[in-house]
Amino acid sequence: MAELNAGIGAHTIAEILSEPATWAACLQRMEKTGELKRLNEELSRTIEWVFIGCGSSFYLAQAAATSWAILTGEKARAIPASEILLFPQTFVLPCQPVVISRSGHTSEAVEAAEYLEKTLKIPTLAITCGTDTPIQKVATHCIVLPEADEKSTVMTRSFTSMLLVLQSLAAIRGKRRDFLDKITKLPEQMASRLSGIHETVKSLTKAHTFADYVFLGQGPFFGIAQESMLKVKEMSCSYAQSFHTLEFRHGPKAIVSPETLITFILSESGLNAEAAVLEEIKALGGKTFAICNVASAAVRRASDYLVELSLEAPEAARPAASVIPGQLLGFYTGLKKGLNPDEPRNLSRVVMLQSSE
Ligand code: F1P
């Protein structure tokens, strides 16, 4: 991959490989400052939590909402910021809104926060990696992670760091000591797995270029499947889709062919049921890539490519780590197609819209 030497994609690959160290920095500062504990006390009402974002930040909201329900037992859902602006009647109160925006400048996210704070008078929690941003000025509460900010257009370490910090807030709220203890070890464990994952994805992209990329996941891993799909679209301009794993049987499997790579982001809770889909799709002739914590014999048998994370952390803490293979797949497929993953076609780092007023 000579292009790397020429600096093409240099920001993106550096930011992907810096994820474990960035997680450690963010989680340690949250622990040291007690910021999440304080927030949990201030946001004490037991109501529905609604996670809001655009693009990658919406897929982050999907993974955060399902993790929230799992870790706290509270109602939680995810919606794109545009839905609040265009269909406000679908936004039923009472709820605790959480607006997610890497830049803190995205027009839809800032306008949604303004509508929540100024029109509906709801104290809103925002999370961002930008400093001194419009979203920070609008929201009553704001978690800021400058350590996770990025030069690249696509979100990688910002996505995983904001997800882990929101999950930590959920674990504090749900009194999940096991999660909080194990998550402190996640960065170090993932740092030791990264080079193996890197090699697996490099050899996969070297050996194949596919006409179609499908990502499948259940529970909190569905948001990860969505984000992996977006990474391949953004960085390699390839045709990519994502579904809940068992939903793939209900029609979409019609597209399976040797030109299709189907990536399974496997949960532990649903491993047997999800592995049965994997075996079925393998038998239909699709190329399969499995990402899981520990592979069963069925998964080993039916996957052409396999990443085993072997993390001690509980299932709810693994979605962030599970998106890294998809980030690398988008990156190396883009390089192979002669594209620059740092400057995806048609994209800007922040989507700023002319004010609707
Ligand atoms: C995020 C986002 C990215 C997308 C592109 C434009 O905005 O939509 O997901 O890849 O970079 O911006 P935000 O999180 O900064 O609001």
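Just so it is clear, none of the values below were taken in a lab; they were calculated from the coordinates. Computed from a predicted model, the values in this text were never measured in an experiment. No Cβ is skipped: glycine too gets one built from the backbone with ideal geometry, and neighbour counts run over all protein chains shown.
Kindly state, to the nearest 0.05, the FRET efficiency for SER310 paired with LYS151, given R0 = 30 Å and r defined as their beta-carbon distance.
On the way: r = 31 Å, r/R0 = 1.04.
FRET efficiency, SER310 to LYS151: 0.45.
Using a Cα-Cα cut-off of under 17 Å, which lysines could be cross-linked to LYS175, ignoring same-chain neighbours fewer than 8 residues away?
LYS175 reaches LYS37, LYS75.
Along the charge dipole of segment 153-254, Cβ charges K/R +1 and D/E -1, which of SER195, MET162, GLY217 sits furthest on the positive end?
Projecting each Cα onto the dipole axis, the largest value belongs to MET162.
Order these by the 10 Å Cβ neighbour count, fewest first: HIS250, HIS208. All intermediate terms of the calculation are to be shown ahead of the outcome.
Values: HIS250 9, HIS208 16.
Lowest to highest Cβ neighbour count: HIS250, HIS208.
Once Lys and Arg get +1 and Asp and Glu get -1 on their Cβ, which of THR33, VAL144, LEU125 lies farthest toward the positive end of the dipole of the chain?
Checking the options against the dipole of the chain, the answer is THR33.
Which FRET efficiency value, to the nearest 0.05, is calculated for GLU279 and ASP132 with the Förster distance at 51 angstrom and r the Cβ-Cβ distance? Intermediate results must be reported in sequence, preceding the final value.
Values: r = 52 Å, r/R0 = 1.02.
So, using R0 = 51 Å, E works out to roughly 0.50.
From a point 7 Å beyond the Cα of THR209 in the direction of its Cβ, which residues of segment 225-241 have a backbone N at a distance under 19 Å?
231-241
Express the relative contact order of segment 72-134 as a whole percentage, based on alpha carbon pairs under 8 Å and six or more residues apart in sequence. Before the final figure, lay out the partial values.
Details: 65 pairs, mean separation 22.8, N = 63.
The value is 36 percent.
Could you give the nm distance between label points at ALA21 and ALA297, where each point is 7 Å from its Cα heading toward the beta carbon?
Here the modelled spin labels are 4.3 nm apart.
Which residue, PHE215, PHE331, PHE248, has the most motion in a Gaussian network model of the chain that connects Cα atoms within less than 10 Å?
Highest fluctuation among the options: PHE248.
How would you classify segment 255-339 from its alpha-carbon gyration tensor, with a ≥ b ≥ c the square roots of the eigenvalues: rounded for a/c under 1.5, else prolate if a/b is greater than b/c, otherwise oblate?
Values: a/c = 2.43, a/b = 1.13, b/c = 2.14.
Oblate shape, in that a/c is at least 1.5 and b/c is the bigger or equal ratio.
Excluding residues fewer than 8 places away in the same chain, name every one of the lysines whose C-alpha is closer than 29 Å to that of LYS287.
Straight-line reach from LYS287, under 29 Å: LYS202, LYS206, LYS231, LYS233, LYS253, LYS336, LYS337.
Return the Cα extents of the chain along principal axes one, two and three, sorted largest first, each rounded to a whole Å.
Between the extreme Cα coordinates on each principal axis of the chain lie 54, 41, 40 Å.
Using the crude model of +1 on Lys and Arg Cβ and -1 on Asp and Glu Cβ, and no other charge, please compute the dipole size for the chain relative to its Cα centre, in debye to 20. Don't skip to the answer; put the middle values down first.
Numbers: 35 positive and 38 negative charges, 75 e Å.
The calculated dipole for the chain is roughly 360 debye.
For segment 24-61 and segment 203-276, write down the distance between their C-alpha centroids in whole Å.
28
Can you run phi through the Karplus equation (6.51, -1.76, 1.60; θ = phi - 60°) for segment 118-129 and list ³J(HN,Hα) in whole Hz, with x for Gly and Pro?
Per residue, the Karplus-derived 3J(HN,Hα) values read 8, 8, 8, 6, 9, x, 9, 9, 10, 9, 8, 10 Hz.
Short version: ³J(HN,Hα) in whole Hz for each residue of segment 160-165, in order, from phi by Karplus 6.51 cos²θ - 1.76 cosθ + 1.60 (θ = phi - 60°), x for Gly and Pro, what are they?
Working through the residues one at a time gives 5, 5, 5, 5, 5, 5 Hz.
In percent, what relative contact order does segment 200-357 have, based on Cα pairs under 8 Å that are 6 or more apart in sequence? If you can, show how the numbers build up before the last one.
On the way: 279 pairs, mean separation 45.9, N = 158.
So the answer I get is 29 percent.
At a Förster distance of 25 Å, what's the computed FRET efficiency of ARG29 paired with LEU353, Cβ-Cβ distance as r, to 0.05?
Details: r = 33 Å, r/R0 = 1.31.
E between ARG29 and LEU353, to the nearest 0.05, is 0.15.
Which distance in Å, rounded to a whole number, links the C-alpha centroids of segment 138-158 and segment 278-357?
A separation of 21 Å, based on Cα centres.
Please compute, over every Cα-Cα pair in segment 1-125, the percentage with a separation greater than 22 angstrom.
On the way: 3651 of 7750 pairs.
More than 22 Å apart: 47 percent of the Cα pairs in segment 1-125.
Under a crude label model (7 Å from the Cα following the beta-carbon direction), how far is GLU199 from ILE255 in nanometres?
3.3
Report the full-extension gain for the segment HIS244 to ALA191: residue separation times 0.36 nm, less the Cα-Cα distance, to one decimal in nm. Each step should come with its number before you reach the end.
On the way: separation 53, 0.36 × 53 = 19.08 nm, distance 2.85 nm.
Length gained between HIS244 and ALA191: 16.2 nm.
Sort 333-343, 219-229, 104-114 for me by packing, meaning the mean count of neighbouring Cβ atoms within 10 Å per residue, highest on top.
Peptide ranking by packing, descending: 219-229, 104-114, 333-343.
May I ask which residue of ILE79, LEU284, GLN327 lies farthest towards the positive end of the charge dipole of the chain, with charges of +1 (Lys, Arg) and -1 (Asp, Glu) on Cβ and the Cα centre as origin?
Ranked along the dipole, the leading option is LEU284.
In the Gaussian network model of the chain, springs joining C-alpha atoms below 10 Å, which of LEU180, LEU284, LEU17 carries the largest mean-square fluctuation?
In this elastic network of the chain, the residue with the biggest mean-square fluctuation among LEU180, LEU284, LEU17 is LEU284.
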